[in-house]
Amino acid sequence: MTLGGGDGFMPQSRPDEPPLSSCWPPQNLMLLGSERLLATRRLNGLRVGVLANPASIDHDFGHIVDRLGAATDCRLAAIFGPQHGFKSDLQDNMIESPHAKDHRRNVPIFSLYSETREPTSEMLDLIDVLVIDIQDVGARIYTFIYTMANCLRAAARQELPVVVCDRPNPIGLHQVTVRKISKNRLRIGPMEAIDGTPVIDIKPVLCEIQKH
């Protein structure tokens, strides 16, 4: 999939594949967390910030930023990007991404893998609610769940509501146990390199950090 100038994500079939329209929509469709959220009135009248990357799409390949940008009952006020950037255009490991701007919508794009790993109070002052819609792969070395944890911690300090949109992880599910909580560090185990846990199941565990 390609991202072009803030105009959205356009799925493209390879020459040897049938057109996407021939096999879409699938049977027994499962609604994603973002789809359920946007079908409600929960964001009505609010300035919305969203943590997302190119995988934050729905069943129609519509990106959540495009959906929020087109909404008439709420206002997209800020975009946050995890490691590799909001557009995932910095694939080298441990390379920080700069802040940017969505010129089409006149909305700031804040990198949470830059000089800061969590949203600052100045960033959060721009929004009334933070929506997190990240496709994790349930791998221990991925940083997305830690970015989510940093967002939860920063939002808690400002009493800012956070909505985490769940996405199924087809890899599997592995149950973990909290072994130790020390300041802002959470030690859990046993944990495989690829555990397959969806982000919504990690979130309650991460929230335990706030209590210590």
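Here, each number is a calculation from the coordinates, and none is a lab measurement. Source: prediction; values computed, not measured. Every residue, glycine among them, receives a Cβ derived from its backbone with ideal geometry; neighbour counts consider all protein chains shown.
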What share of the DSSP beta bridges in the range 32-169 is antiparallel, in percent to the nearest 5? 20 percent
Pseudo-spin-label distance V163 to V178, built 7 Å along Cα→Cβ, given in nm, is 2.6 nm
Got a sec? How would F110, F61 order by Cβ neighbour count within 10 Å, fewest to most? F61, F110
Based on a Kirkwood Rh over C-alpha pairs, give the Stokes-Einstein translational diffusion coefficient of the range 32-169 at 4 °C and viscosity 1.567 mPa s in µm²/s. 87 µm²/s
Fewest-first ordering of D66, D73, D58, D133 by Cβ atoms within 10 Å yields D73, D58, D66, D133
